[in-house]
Amino acid sequence: MTTHPQFRPALARRSSALSGKVRVPGDKSISHRALMFGGLAAGETRITGLLEGEDVLRTGEAMKAMGALVAREDNTWIIKGTGNGCLLEPDAPFDFGNAGTGSRLTMGLVGTYDMTTRFIGDASLSKRPMARVLDPLRQMGTQVLAAQAGDRLPITLRGPRHAAPISYRVPVPSAQVKSAVLLAGLNVPGVTTVIEPVMTRDHTEKMLAGFGARLDIETDGEGARHIRLEGQGRLSGQEITIPGDPSSAAFPLVAALLVPGSDITIENVLMNPTRTGLVLTLQEMGADIEIGNRRASGGEEVADLRVRSSELKGIAVPAERAPFMIDEYPVLAVAAAFAEGETLMQGLEELRVKESDRLSAVAAGLKANGADCTEGEDFLSVRGRPDGKDLGGGTVETHLDHRIAMAFLVMGLASEKAVTIDDRSMIATSFPEFMGLMAELGATFEPLDENAA
């Protein structure tokens, strides 16, 4: 099983104004899918802008283990796929480390193949529930030969000799569950249908269509999306340019809002409507975020974001917005700690099954650093201090969660006292350039381990 390296703490102190232009790494969700579809398609797929974080690279290794050729040449990843339906049984377990997206989507991809696969991961991933993916796979004929209590890793799957298409209504808003079922449907005769009562990020549907899959999408009278995929079709290699990850852009964006005098531009950020909840919310709080140079790139809309320091006011964030910004709540909570009045964030039950129980981890981190907050079963309310007075001075337990680590380093840039995180090493899973990119803008983080590079 994956083990995590020794903890490497870091500290952030109040910063002078941030300035400059930067680009964040490629979108994590799209990067995972690009490697998977490229590895499955016939012919060659060329990918530029791939996020080269640990999570995504584990997906690439999984595709290689099943027969795809995956190589990096200069700044382009070149994949020669197996063809749909032609994946090979791997010789060893898939080790997904901390990658929830990669592991769940790959379970869907391999679950309908007549072969045995085993999934392992680190301590954090091994705590995350996989039943939401395994339940529909069982309906398609997949056997779960081995799993820890609650359908947790390590997990061994055995695909059926003849998989059956299903119509599956997703019980909770989850792009991972939707995508896993659609990926399973690629290797199943007939039409697999996913019914999505609440729309989630739609990268899988867009990329499937781009690779040549036959699917159609309808919205019924109650607003539910019906996604129908015809299985066993041909997928053809594509050229893909991956835009900047809005979940990664969230950290320099909030830092610039909170540090007085800041004026930065984050270029080439994905503006898919299912991913812009944080920008909308911050604008409602009074953030000065200018969206410019909107353009199309790789089938997605991208834009440049100019962000200037702003006086924020607390608002009530509607629960129905949660699926469009679920990964951004940790750093939104940090922004709320500096806003005037109360910010109420609702519909957050999904945060309890992320890399950590993010809701509890965020609340604990805020309290450790003097912020006034209330944690509920599915909500978080934060009462802010606009000048940052008396904030900071604590140590945050990151629970092997990259977004907790980055969010509280951002907090330290604007709080009166320094903020310490117990481990920065897992930041590499999604944003390996984070420290360097923030330094380009003028922020300084201090590594606290003795052997820091």
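The values are calculated or read from the model by the stated rules, or taken from the named source; none is laboratory data. Please read all numbers here as calculations on a predicted model, not as lab measurements. Positions of Cβ are generated from backbone atoms using ideal geometry, with glycine treated the same way; all protein chains shown enter the neighbour counts.
A few remarks follow.
- A Cβ distance below 6 Å, combined with a sequence gap of six or more or placement on separate chains, defines the contacts here; from the stretch 239-263, residues that are more than 30 Å from residue 210 (Cα to Cα) reach residues that are among the hydroxyl-bearing types (Ser, Thr, Tyr) and buried (at least 24 other Cβ atoms within 10 Å of the Cβ) in the pairs 256/262.
- If the condition is being in contact (Cβ under 8 Å) with a residue 12 or more places away in the chain, outside any strand (DSSP E or B) and in contact with a strand residue (DSSP E or B) (Cβ under 7 Å, 6 or more places away or on another chain), then the stretch 219-238 contributes 224, 231, 233, 234, 235, 237, 238.
- Taken over the stretch 320-371, residues that are touching a Leu at 6+ places or on another chain (Cβ under 9 Å) and of a type in the set (Lys, Arg) amount to 3.
- Condition met for residue 341 (touching a residue at least 40 places away in the same chain (Cβ under 8 Å) and of a type outside the set (Val, Ile, Thr)): yes
- Selected residue (only one of 46, 58, 23, 72 is under 15 Å from the mean Cα position of the chain (by Cα) and of a type in the set (Lys, Arg)): 58
- Test: residue in the stretch 6-22 that is touching a Ser or Thr at 6+ places or on another chain (Cβ under 6 Å), closer than 24 Å to residue 206 by Cα and either in the same structural domain as residue 327 (by TED's automatic domain parsing) or outside any helix (DSSP H, G or I) (or both): no
Here's the yes/no breakdown for (1) closer than 25 Å to residue 318 by Cβ; (2) not small (Gly, Ala, Ser):
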position	(1), (2)
350	yes, yes
353	yes, yes
392	no, no
395	no, yes
402	no, yes
420	no, yes
438	no, yes
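- Within the stretch 307-355, the set of residues being within 19 Å of residue 411 (Cβ to Cβ) and of a type in the set (S, T, N, Q) comprises 309, 310, 343.
- The listed residues are 302, 259, and the only one of them that is in contact with a strand residue (DSSP E or B) (Cβ under 7 Å, 6 or more places away or on another chain) and either assigned by TED's automatic domain parsing to the domain that holds residue 431 or not acidic (Asp, Glu) (or both) turns out to be 302.
- Options 43, 53, 49: the member that is under 25 Å from residue 88 (Cβ atoms) and not assigned by TED's automatic domain parsing to the domain that holds residue 307: 43
- Evaluating residue 414 against the criteria (1) within 22 Å of the chain's Cα centre (by Cα); (2) among the small types (Gly, Ala, Ser); (3) crowded, with 17+ Cβ neighbours inside 10 Å; (4) at pLDDT 95 or above leaves one unmet condition, (1).
- Within the stretch 46-55, not a single residue is free of Cβ contacts under 8 Å to residues at least 60 places away in the same chain and of a type outside the set (Gly, Ala, Ser).
- Any hit, the stretch 49-59, residues being crowded, with 16+ Cβ neighbours inside 10 Å, charged (D, E, K, R) and under 30 Å from residue 141 (Cα atoms): yes
- Those residues of the stretch 326-355 which are more than 20 Å from the chain's Cα centre (by Cα) and either under 18 Å from residue 98 (Cα atoms) or surrounded by 22 or more Cβ atoms within 10 Å (Cβ to Cβ) (or both), in sequence order: 336, 337, 338, 339, 343
Yes/no matrix, rows are residues, columns are (1) more than 30 Å from residue 400 (Cβ to Cβ); (2) assigned to a helix (DSSP H, G or I):
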position	(1), (2)
267	yes, no
278	no, yes
294	yes, no
305	no, no
322	no, yes
330	no, yes
345	no, no
